[in-house]
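The values are calculated or read from the model by the stated rules, or taken from the named source; none is laboratory data. As the structure is a prediction and not an experimental result, all values here were calculated from the model. All Cβ positions, even for glycine, are placed from backbone atoms using ideal geometry, and neighbour counts span all protein chains on display. Accessible surface areas use protein heavy atoms only, side chains included; no ligands, DNA or RNA. Shrake-Rupley method; radii C 1.70, N 1.55, O 1.52, S 1.80 Å.
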Amino acid sequence: MPDTGHAEELELQVDQWRNYLRRRQAIHSVDVAELEDHLRSQIAALVDAGLGTDEAFLVAMKRMGNLDALSREFAREHSDRLWKQLVVVPSESDDARPWARTETVVAFCLAVAAAVAIKLPALFGMQLDRDIGFYARNLSFFVLPFLTGYFVWKRRLAFGTLRWLAVAFVAAAVFANVYPVAPLGHTERLMALHLPIALWLAVGIAYAGGRWSQGGGRMDFIRFSGELFIYYVLIALGGGVFTAFMAIIFQAIGIDVEPIFQSWLLPCGVVGAVVVASWLVEAKQSVIENMAPVLTSLFTPLFAALLVTFLGTVVWTGRGVDIERNVLIAFDLLLVVVLGLLLYSVSARDPRLPPGPFDVVRVVLVVSALLADAVALWAIAARISEFGFTPNRVAALGENVILLVNLAWSAVLYMRFLRGRGSFTELERWQTNYVPVYAAWAAIVVIVFPPLFRYI
């Protein structure tokens, strides 16, 4: 058995390898635990045979043939420990190539299926511009079942899990279409906004495979969600450029392509791009793993400065928050963005590192967002006491309370970490355990609010 010093060094090497796999996702995190067990058994056998821990670790890595391509990249970044002699291989595993091609075909077929699905209502006389309420309520069903299907196929989920996912989507479709909500009324708008949030939990369960009950599985899904957003925005920007050039060149020959864009390219592209972006996150992780932490590092201090300036202005001028619907939505979106920055900062940070200056900036961001949320809650409560309950006000009240609880305990845990009285893992665990709360509230808004407020 290795002595204590060698054991600690081995644990550091295995932990570094594990984190590398999870970040890259060249092999999905759902398989990391199984691969780690295999790696450790190989190391134990080699140590028993007389090898040192360093040599045993490197030889065990060499024997894991399915990881050749990933190990080669890991070796290039950690070439100070004989990696090139023991791990680097001349070519990528041939077995991985057919699987990658199959995954590409499956992803793009599902993207096309989503694009076809959003056009199916037109066969029954539905028009996007005329039946906007129907499309808003059902937008989730034109894309999320196909995205869930992609992960069901990739993770090879058990039939029991697949059955419950199907039940969730069917039940959601019933609630979205059976309630006699007023066209473009308050409850219909709230349903359209909250249904995707509730169903996103089903996507997360499929994404995490059998690891949803573990904090690591939920944190991987948080990373995926942030990276998916980045890729989707990039695809949307590219689609905008493509559309602009298409309009220009066809206009040159006297053809107006705007009807085609509005009827086909825009709706089909919106839903199909979600599946394509998800596939890109899975297949091209190396691009995003460098981009997302940089964006988080850039915008965290900017949003912290914005909120501090806002709070200072509120105190200086003595003005309250205007909670008209559009202002309230914008304010809540700002808090959601701040929470997203916190989540992605947590997911991208190495929990073993000691507190640093950037952690102080994150605490400033969290505390200022907490105070801003308290200001918004005060304004909402005052408006409710003066004018009574409405679906929008109650929904906003619940969402801000949920954000307040999350931000408050996050601030406590982060300050404990800064003072050396707690670990960063506690903050990470809190964030991952809190994810289902958002989906639960969204489900309440979708199921309970319409009859509670008489479908207005």
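Points worth noting:
- Restricting Val446, Val394 to those that are modelled with pLDDT of 90 or more, open to solvent by less than 60 Å² (accessible area, probe 1.4 Å), among the β-branched types (Val, Ile, Thr) and in contact with a helix residue (DSSP H, G or I) (Cβ under 6 Å, 6 or more places away or on another chain) reduces the list to Val446.
- One residue alone among Leu51, Leu39, Leu46, Leu12 is at pLDDT 70 or above, buried (at least 18 other Cβ atoms within 10 Å of the Cβ) and over 30 Å from Arg156 (Cβ atoms), and that residue is Leu46.
- Test: residue in segment 423-437 that is open to solvent by 50 Å² or more (accessible area, probe 1.4 Å) and under 21 Å from Val308 (Cβ atoms): no
- Residue check for Val336: β-branched (Val, Ile, Thr), surrounded by fewer than 18 Cβ atoms within 10 Å (Cβ to Cβ) and assigned to a helix (DSSP H, G or I): yes
- Test: residue in segment 170-179 that is open to solvent by 40 Å² or more (accessible area, probe 1.4 Å), in a loop (DSSP other than H, G, I, E, B) and of a type in the set (S, T, N, Q): no
- Taking the criterion of being open to solvent by less than 40 Å² (accessible area, probe 1.4 Å), over 18 Å from Leu295 (Cβ atoms) and outside any helix (DSSP H, G or I), the only residue of segment 340-372 that qualifies is Gly356.
- The selection criterion, being more than 30 Å from Asp15 (Cβ to Cβ), surrounded by fewer than 19 Cβ atoms within 10 Å (Cβ to Cβ), at pLDDT 90 or above and not small (Gly, Ala, Ser), does not hold for Val375.
- Flag for Ala348 being under 19 Å from the mean Cα position of the chain (by Cα), touching a residue at least 24 places away in the same chain (Cβ under 8 Å) and closer than 27 Å to Gly420 by Cα: yes
- In segment 275-316, the residues that are exposed (fewer than 14 other Cβ atoms within 10 Å of the Cβ) and modelled with pLDDT of 85 or more: Leu302, Thr309, Gly312, Thr313, Val315, Trp316
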